[in-house]
Amino acid sequence: MAFTPAKDKGGFNPKGGAIIRIKEVNDDGTDFTTASSVYDIGYLQETTILDNTPTTEFKDEAGDTVQTIEGDRSVTVQGVLMQRDKATLDIAKECRGKFYFLYKYNGIVNGKHQEMFYGCGKIYPSFEVKLQGGTTPFKFTATKLNSAISIAATIATAVITAGAGALETRQTATITIAAGDYYTIVETTVA
Amino acid sequence: MKILIKSGYIHYGYQVKDKEISVTQEEIEMIQSLNVKYEIVKEEPKYKRKEKSEDDI
């Protein structure tokens, strides 16, 4: 895949989109026979989207690096949930042994809505609420897809518009994620 | 158009490997972009010409 980074002031935006939505799927990324609902996981204090592969440098006896080998790749979405109502805390109990499709909205960057679609992954079954404070961490680890996935426009729209405060129209076309990949980033010009 | 999906592919929520699916030209292009292997299935014509039998001759 070609990439085309370039200087562009519009590419700055320290703020996110404050939306994560999840939908239960099978372990291979297919939907359930009876499609499960889409859930918004609530207000987010902050999030971290991570695609990390550590590298190991191999040096010769002169101390020069002769090779750099990539380690294990890890693709996660982490965040801090601001809510601690029962429905939010129940995520830790309910997500055990289940797999989820995850949608992450990153706000507007360079005049475009930036959205991320993760085909399949697991939510860490835990919460840790400190009082005073009342927030709890959230972590999702994406899995590598064995099969390419296409998500119908109707489903993508349902994910995007689920929950309280339906948003203006963003990505409305079919979403695709290639086999061997974890997620796709979609940009849509703001209407 | 009908195509036979040869490699792993989840089409709108369903695993369709080794299955025939009906797709539009737009969807074919999408499937190509995902490097999914497929074969175009030759569809039987709706109306077959009746072959002449010995009685006809």
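What follows is calculated from the coordinates using simple rules that are stated; it is not laboratory data. Please read all numbers here as calculations on a predicted model, not as lab measurements. Don't worry about glycine lacking a Cβ; one is built from the backbone with ideal geometry, like all the others, and counts go over all protein chains shown.
Structure values in brief
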quantity	calculated
Linear extension gain, A:Ala191 paired with A:Leu131, 0.36 nm per residue minus alpha-carbon span	17.4 nm
Average other protein chain Cβ within 10 Å of Cβ, residues A:141-149	4
Contour excess over end-to-end distance, with Cα ends at A:Leu50 and A:Val109 and 0.36 nm allotted per residue	19.5 nm
Whole-Hz ³J(HN,Hα) from phi, Karplus 6.51 cos²θ - 1.76 cosθ + 1.60, for segment A:5-17, glycine and proline x	x, 7, 5, 7, 4, x, x, 6, 5, x, 9, x, x
Over segment A:28-152, relative contact order from alpha-carbon pairs under 8 Å, at least 6 apart, %	25
Over 27 Å between alpha carbons, listed pairs A:Lys139/B:Lys17; A:Lys9/A:Lys59; A:Lys15/A:Lys93; A:Lys144/B:Lys2; A:Lys7/A:Lys104	A:Lys139/B:Lys17; A:Lys9/A:Lys59; A:Lys15/A:Lys93; A:Lys144/B:Lys2
Alpha-carbon centroids, segment B:2-26 and segment A:4-45: separation in whole Å	25
Distance between modelled label sites at A:Ala173 and A:Glu94, nm, 7 Å Cα→Cβ extension	3.3
